[in-house]
Amino acid sequence: MRAYGLAILLLTLSSSVYAHVGSPEVYFEGAAGPYHLLVKVSPPAMVPGVAQVQVRVTSGTVGSISVAPVYLNGRDQGLPPAPDSLQLSAADPQWFTGTVWMMESGSWEVRVEVAGTQGTGKLAVPVPVFARRTLPMERALAAPLFGLMLFLSIGVVSIVGAAAREGGLEAAATPSPRDRRLGRIAMVFATLLVTTILALGNWWWNAQAADLKHRVLYSTPPLHASLNRMDAETEHGVDQLTLRIDEDFWHKSHKDQWSMSLIPDHGHLMHLFLLRVPAIDRFYHLHPEQTSDGSFTMRLPAMSGGKYRIFADIVRGTGFPETLVSEIDLPNVKGEPSSDDDSSAAAPPFESFGTPVNVAQLSDGGRMVWEQDTRALKAGQVSWFRFRVEDAENRPVNDLEPYMGMAGHAEFVRSDLSVFAHVHPAGSVPMASLMIVQQDLGLPMDHSSTHSLPAEVSFPYGFPQPGEYRLFVQVKRHQHVETGVFDVHVRD
């Protein structure tokens, strides 16, 4: 039985659920006035908690950087604390690090102010904050508390036994066999009573901890997926996918500071990704429409049958992004894409990583080249993932088109599906969230592209865990979405 004294303070670890599944860090690359910055924010796992902020200056000479967290939803909205100065790295004059406190779950922005040789500049980075786990007790504290509990428990039993054995005796009298027997009986009952109290206390604390975990630790709402055959009696029936988002306890209990409404990101309320598992050999990026009852529906394109893992990206009205997860078994589906933004890709079954391949063949006869440097990729290390699109003659193209307002989209998927991240050239932040914080700070918002683009597209990102990953890199050319598929091994 666990000790009650230990159980009072012991908080267990919980499984984590994230927007961008398994990838809580926020990456953003943008301009702060005349300076160009890459910002990484690691939100706290516990709330209140401390977020780690790292800034790399990629253009300009910067002397100082300060950051301030601002709560975007709730009673403290728009009331930033005094900014904290980031520390300049002694080894790298372009690298600044520091911390900020975040006191509530919800939508935050980190305001970054820069001063340097070209004057000052500022930018804002949206950061979703929520409690993902609780802290376990340190062993250095647990051991003394457990020893103290044993000492007190043994002391209680000893005192009860002594009282029953010697409480009625005259001073200096020797206990009789009957007195000793009464003492032993009293100690047995005292032991049972103390054990019962500890067990009940342990049960009570576990119930309180479970209730607290249920109310405080963030969880994504359940996503229910179903397939309906419209005109099922005909040979050419249409397969319609329906997705329903339920409200869970966490969201219901935060309604006073939470927005249940959704806002469009890249022109769509939902970005739906379907991956056929376990091979991860089929990939679909779709955009269902919301109906009057709040559910999302769409007519499926042509799809190969199998079990599919569903990742659905949405953005709340406060700018808080969520990635909902579900599964569905699908038959072979005949159909057509429902919008120009929908796309699909086929790839070989994902197997253990072998020889690295930096070239992906595209459906138009061209290819996509991953311009990976010679360094091995490490978990937790920020990298720029650069990809060059070439035509059938292996020449860089000059006619890439914006794909939903961006130069490209990339999805990073770990082989066991514990990590899924949807990333843009500006980073991992949704553009809808970025628009909210930029407007809140009074900055112009123009991260979209409306003209022909160069042949290269890049994405700032850092793998959260070591392991094997599959990358889906998407660009648009001649009104058609092309998807390059790459596999990579990430070391610890």
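The values are calculated or read from the model by the stated rules, or taken from the named source; none is laboratory data. Keep in mind that this is a model prediction, so the values were computed, not measured. As a convention, Cβ positions derive from the backbone with ideal geometry for all residues, glycine included, and neighbour counts pool all protein chains shown. Calculation scope for accessible area: heavy atoms of the full protein, side chains included, ligands and nucleic acids excluded. Shrake-Rupley method; radii C 1.70, N 1.55, O 1.52, S 1.80 Å.
Per-structure values
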quantity: Solvent-accessible area of Glu401 with every protein chain in place, 1.4 Å probe, in Å² to the nearest 10; calculated: 40
quantity: Tail beyond 18 Å, pair distance distribution of region 271-426 (Cα, percent); calculated: 67
quantity: Förster radius 51 Å - calculated FRET efficiency between Leu441 and Ile185, Cβ distance, rounded to 0.05; calculated: 0.10
quantity: Distance (nanometres) between label positions extended 7 Å along Cα→Cβ at Asp248 and Ala91; calculated: 3.9
quantity: FRET efficiency, Val216 to Leu152 (Cβ-Cβ, R0 45 Å, nearest 0.05); calculated: 0.90
quantity: Equivalent ellipsoid semi-axes - Cα gyration tensor, region 260-333, angstrom; calculated: 24, 13, 10
quantity: Prolate/oblate/rounded label for region 359-491 (Cα gyration tensor, a/c 1.5); calculated: oblate
quantity: Relative contact order for region 141-184, counting Cα pairs under 8 Å that sit 6 or more residues apart, in percent; calculated: 38
quantity: Rounded to whole Hz, the Karplus (6.51, -1.76, 1.60) HN-Hα couplings of region 29-39, x for glycine and proline; calculated: 10, x, 9, 10, x, x, 10, 10, 10, 10, 10
quantity: Summed residue charge, Cβ within 9 Å of Leu286's Cβ, Lys/Arg positive, Asp/Glu negative; calculated: -2
quantity: Difference of contour (0.36 nm per residue) and Cα-Cα distance, Arg386 to Ser339; calculated: 14.2 nm
quantity: Total formal charge among the other residues, if their Cβ is under 13 angstrom from that of Leu269, Lys/Arg +1 and Asp/Glu -1; calculated: -4
quantity: Net charge contributed by nearby residues that have their C-beta within less than 13 Å of Ser66 (K/R +1, D/E -1); calculated: 0
quantity: Net dipole in debye of the chain [+1 Lys, Arg Cβ; -1 Asp, Glu Cβ; about Cα centre; nearest 20]; calculated: 2300
quantity: Cleavage-rule hits (trypsin sites (Lys or Arg not before Pro)) in region 156-195: DSSP loop, at most 14 neighbouring Cβ within 10 angstrom; calculated: none
quantity: Accessible surface of the chain, 1.4 Å probe, proportion on carbon and sulfur as whole %; calculated: 55
quantity: Trypsin sites (Lys or Arg not before Pro) lying in DSSP loop within region 29-92, provided at most 13 other Cβ fall within 10 Å; calculated: Arg75
quantity: Protein-only accessible surface order, largest first, of Ser415, Ser343 at 1.4 Å; calculated: Ser415, Ser343
quantity: Where Arg414, Arg133 fall by accessible area, highest first, once all protein chains stay in place (1.4 Å); calculated: Arg133, Arg414
quantity: Alpha carbon convex hull of the chain, projected area averaged over orientations, nm²; calculated: 34.2
quantity: Sites Thr58 and Met260, calculated FRET efficiency, Cβ-Cβ separation with R0 41 Å, nearest 0.05; calculated: 0.60
quantity: Fully extended contour minus Cα-Cα distance, from Asp364 to Thr117, at 0.36 nm per residue; calculated: 84.2 nm
quantity: Gyration tensor (alpha-carbon) shape descriptor, region 80-138, a/c threshold 1.5; calculated: oblate
quantity: Heavy-atom accessible area per residue - the chain, 1.4 Å, Å²; calculated: 47
